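This report concerns only the one structure given below.
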């Protein structure tokens, strides 16, 4: 993250207010038990963050939509996906009147500050799901201020473009 982005985030942090954080989809499934007990499990995550603005209130509010797909993979040979979890949430933000930011600025905010709002709930969901499924309990690392999505996870997917029909 460069200095301009840091300054923009600092301005946005004082202007944006989290109005609502709502989970919209929670799903956990046990795919296949590890071939041996005590095998090490590592989480892999795909993350999609999208923005939505209401045309009638585009300058006063926006929504950040988070979609997490977490896979617990064994480190054995061959690696096996032991469990899969999906956590989707929407964070609604209001913007102080007279403040204007580009969609790129809002995307940066969602991928940093917005993640700080959503991440603790994702971590709790993953830990609880592991315990309820009987899978080895995995604790996701904390998401730190100023961190971006690419830092804790190697695979970050961009939103797919709609298909032309």
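Since every read-out is calculated from the coordinates, none of them should be taken as a lab result. Everything quoted here is computed from the prediction, not taken from an experiment. Quick reminder, even Gly has a Cβ in these numbers, built from the backbone with ideal geometry, and neighbours come from all protein chains shown.
Taking R0 as 30 Å, what's the FRET efficiency between residue 103 and residue 124 from their Cβ-Cβ distance, rounded to 0.05?
Numbers: r = 30 Å, r/R0 = 1.00.
With R0 = 30 Å, the Cβ-Cβ based efficiency is 0.50.
Based on alpha-carbon centroids, what's the gap between segment 79-103 and segment 8-28 in Å, whole number please?
7 Å
For segment 20-133, what's the relative contact order in percent, using C-alpha pairs closer than 8 Å and at least 6 residues apart? Walk me through the numbers on the way to the answer.
On the way: 193 pairs, mean separation 36.2, N = 114.
Once normalised by length, the contact order is 32 percent.
Suppose R0 equals 45 Å; then what is the FRET efficiency for residue 29 and residue 53 from their Cβ-Cβ distance, rounded to the nearest 0.05?
0.85
Using a Förster distance of 41 angstrom, determine the FRET efficiency expected from the C-beta separation of residue 60 and residue 144, and round it to 0.05.
0.90
Taking the Cα-to-Cβ direction at residue 90 and at residue 77 and moving 7 Å from each Cα, how far apart do the two end points lie in nm?
For residue 90 paired with residue 77, the spin-label model returns 4.8 nm.
What order do you get for 11-23, 103-115, 127-139 when each peptide is scored by the mean count of other beta carbon atoms within 10 Å, highest first?
Descending packing order for the listed peptides: 103-115, 127-139, 11-23.
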